[in-house]
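There's a structure below that I have some questions on.
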Amino acid sequence: MDAVIFDVDGTLVDSERDGHRVAFNLAFEEHGLPYRWDVQPYGDLLAITGGQQRLHAFLEGQGMPAEERRDLVPRLHARKTELFRQLVAEGQVKARPGVHRLLVDLLEAGVRLAVATTGSRGWVEPLLERLFAGIPFDPVITGDEAPIRKPDPSAYRMALGGLGRPASEVLAVEDSANGLVAACAAGVACVVVVNDYTADDDLSGAALVATGFEELDVATLRRAHEAAQRG
Ligand code: XBP
Ligand code: MG
């Protein structure tokens with residue numbers, strides 16, 4: 001296990017319920033739109049990765065014509081990104097408990113770290129700087145670079161290219177079935193650390209499933225990686 005590729009939303013950070021969801025709702029309000037995404041229904045919307053894709057699917061379901069959506073969604077999403085950046089700057093988005101210690105332990109063990117997320121670079125970079133300053137994630141692949149979002153494996157393939165390592169020497173850490181499928185499709189064994197939104201996902205392809213980072217250390221990740229390589 002030479003490198004570990006981390007997902008961001010739901011994995012490094014608890015960002016969906018009290019972060020992205022709140023920013024989407026503020027953007028709806030500012031645009032004079034009547035929609036509000038409550039905690040429970042937002043969990044169902046997470047099946048669609050990517051903020052713009054989520055907005056398109058939702059607004060289509062509300063009967064908004066494609067022409068109107070083509071104009072509105074990019075503007076709405078740009079404002080949502082700005083609002084989410086503000087929430088990050090205000091400290092509203094937190095690292096998941098125990099993840100920082102694991103990152104430091106991995107670095108001390110000589111393991112390289114990278115990021116593969118479907119989120120937008122406009123908030124990913126400031127978030128990593130604020131919450132994970134000094135942790136050298138390289139590369140950081142975001143939804144701006146990956147041509148198709150998870151569960152497509154393109155973000156993972158790009159991260160492997162940046163690391164210059166074969167998939168067999170890399171482990172992924174994700175929080176959801178969409179992320180797990182993306183990692184596995186790129187040939188990368190995947191540990192899933194679930195959260196409230198993903199606890200009921202089908203995680204049958206995971207190398208290991210944990211409920212929190214407190215359950216994980218470098219040795220546990222290495223064992224999970226080795227077992228996955230043995231098949
Ligand atoms: C996360 C996402 C992201 C965020 C919102 O999926 O789908 O779209 O919900 O970010 P994953 P943007 O954790 O599997 O990468 O609005 O910037 O797209
Ligand atoms: Mg995620």
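No lab work stands behind these numbers, since they all come straight from the coordinates. Remember, predicted model here, so these are calculated numbers, not experimental data. Cβ sites come from the backbone with ideal geometry, for glycine too, and all protein chains shown count toward neighbours.
Could you work out the relative contact order of segment 105-184, using alpha carbon pairs under 8 angstrom and six or more residues apart, expressed as a whole percent? If you can, show how the numbers build up before the last one.
Values: 91 pairs, mean separation 23.3, N = 80.
Reported as a whole number, the value is 29 percent.
Sort segment 72-175 into rounded, prolate or oblate with this rule: let a ≥ b ≥ c be the square roots of the eigenvalues of the Cα gyration tensor; rounded if a/c is under 1.5, and if a/c is not under 1.5, prolate when a/b is larger than b/c, oblate otherwise.
Because a/c hits 1.5 or more and a/b fails to exceed b/c, segment 72-175 counts as oblate.
Let me know the shape class of segment 82-127, please: from the alpha-carbon gyration tensor, a ≥ b ≥ c as square roots of the eigenvalues, rounded when a/c is under 1.5, otherwise prolate if a/b is greater than b/c, or oblate.
Here segment 82-127 falls in the oblate category.
Taking amide H atoms as placed 1.01 Å from N in the peptide plane, list the residues 5 or more away in sequence, or in a different chain, whose amide H sits under 5 Å from that of residue 138.
113, 114, 115
HN-Hα J couplings of segment 170-178 from phi, Karplus 6.51/-1.76/1.60, θ = phi - 60°, integer Hz, Gly and Pro as x?
10, 10, 9, 10, 10, 10, 9, 5, 4
How do the peptides 85-93, 7-15 rank, highest first, by the average count of neighbouring beta carbon atoms within 10 Å per residue?
7-15, 85-93
When you count, for each residue, the other Cβ atoms within 10 Å and take the mean per peptide, how do 36-43, 216-223 rank with the highest first? Please report the intermediate quantities before stating the final value.
Working: 36-43: 13.5, 216-223: 15.9.
Those peptides, ordered most packed to least, come out 216-223, 36-43.
Near the amide H of residue 210, under 5 Å away, which other amide H atoms are found, from residues 5 or more places off or on another chain, if H is placed in the peptide plane?
HN-HN under 5 Å from residue 210: 192, 193, 194.
Which whole-angstrom value gives the distance between the alpha carbon centres of segment 1-60 and segment 179-221?
20
Same structure again: What is the sum of charges, Lys and Arg at +1 and Asp and Glu at -1, for the other residues whose Cβ falls under 12 Å from the Cβ of residue 170?
+1
Using all C-alpha to C-alpha distances in the chain, build P(r) with 5 Å bins and read off the rounded percent in each one.
In whole percents, the pair-distance histogram is 1, 7, 15, 19, 20, 16, 10, 6, 3, 2, 0, 0.
Rounded to whole Hz and in sequence order, give me ³J(HN,Hα) for segment 34-48 from the Karplus expression 6.51 cos²θ - 1.76 cosθ + 1.60, θ = phi - 60°, writing x for Gly and Pro.
Each residue of segment 34-48 in turn: x, 7, 9, 9, 6, 4, 5, x, 4, x, 5, 5, 5, 4, 9 Hz.
A follow-up question, please. Before rounding to the nearest 500, sum -39500 (n - 2.57) across all DSSP H runs of length at least 4 in the chain and divide by the residue total; then give [θ] at 222 nm in deg cm²/dmol.
One gets -14000 deg cm²/dmol as the mean residue ellipticity at 222 nm.
Next up: For residue 13, list long-range residues whose amide hydrogen, built 1.01 Å from N in the peptide plane, is under 5 Å from its own amide hydrogen.
The answer is 96.
Just to confirm the number: angle between the C-alpha axis of helix 121-131 and the first principal axis of the chain, 0 to 90 degrees, nearest 10?
For 121-131 against the chain, the angle is about 60 degrees.
What is segment 16-89's relative contact order, in percent, from Cα pairs under 8 angstrom and six or more apart in sequence?
Reported as a whole number, the value is 42 percent.
Relative contact order for the chain: what percent, with Cα pairs under 8 Å and sequence separation of 6 or more?
Dividing the mean separation by the residue count of the chain yields 24 percent.
Per residue of segment 136-150, in order, report the coupling 6.51 cos²θ - 1.76 cosθ + 1.60 (Karplus, θ = phi - 60°) as ³J(HN,Hα) in whole Hz, putting x for Gly and Pro.
x, 6, 7, x, 10, 9, 10, x, 6, 9, 5, x, 10, 7, 3
Quick one: angle between helix 66-89 and the longest Cα principal axis of the chain, in degrees between 0 and 90, rounded to 10, please.
Between helix and principal axis, roughly 60 degrees.
If you don't mind, there's one more thing I want to ask. For segment 16-89, rounded, prolate or oblate, judged on the Cα gyration tensor with a ≥ b ≥ c (square roots of eigenvalues), a/c < 1.5 rounded, else prolate if a/b > b/c? Walk me through the numbers before you get to the answer.
Working: a/c = 1.69, a/b = 1.25, b/c = 1.35.
Since a/c reaches 1.5 but b/c is at least a/b, the shape of segment 16-89 is classed as oblate.
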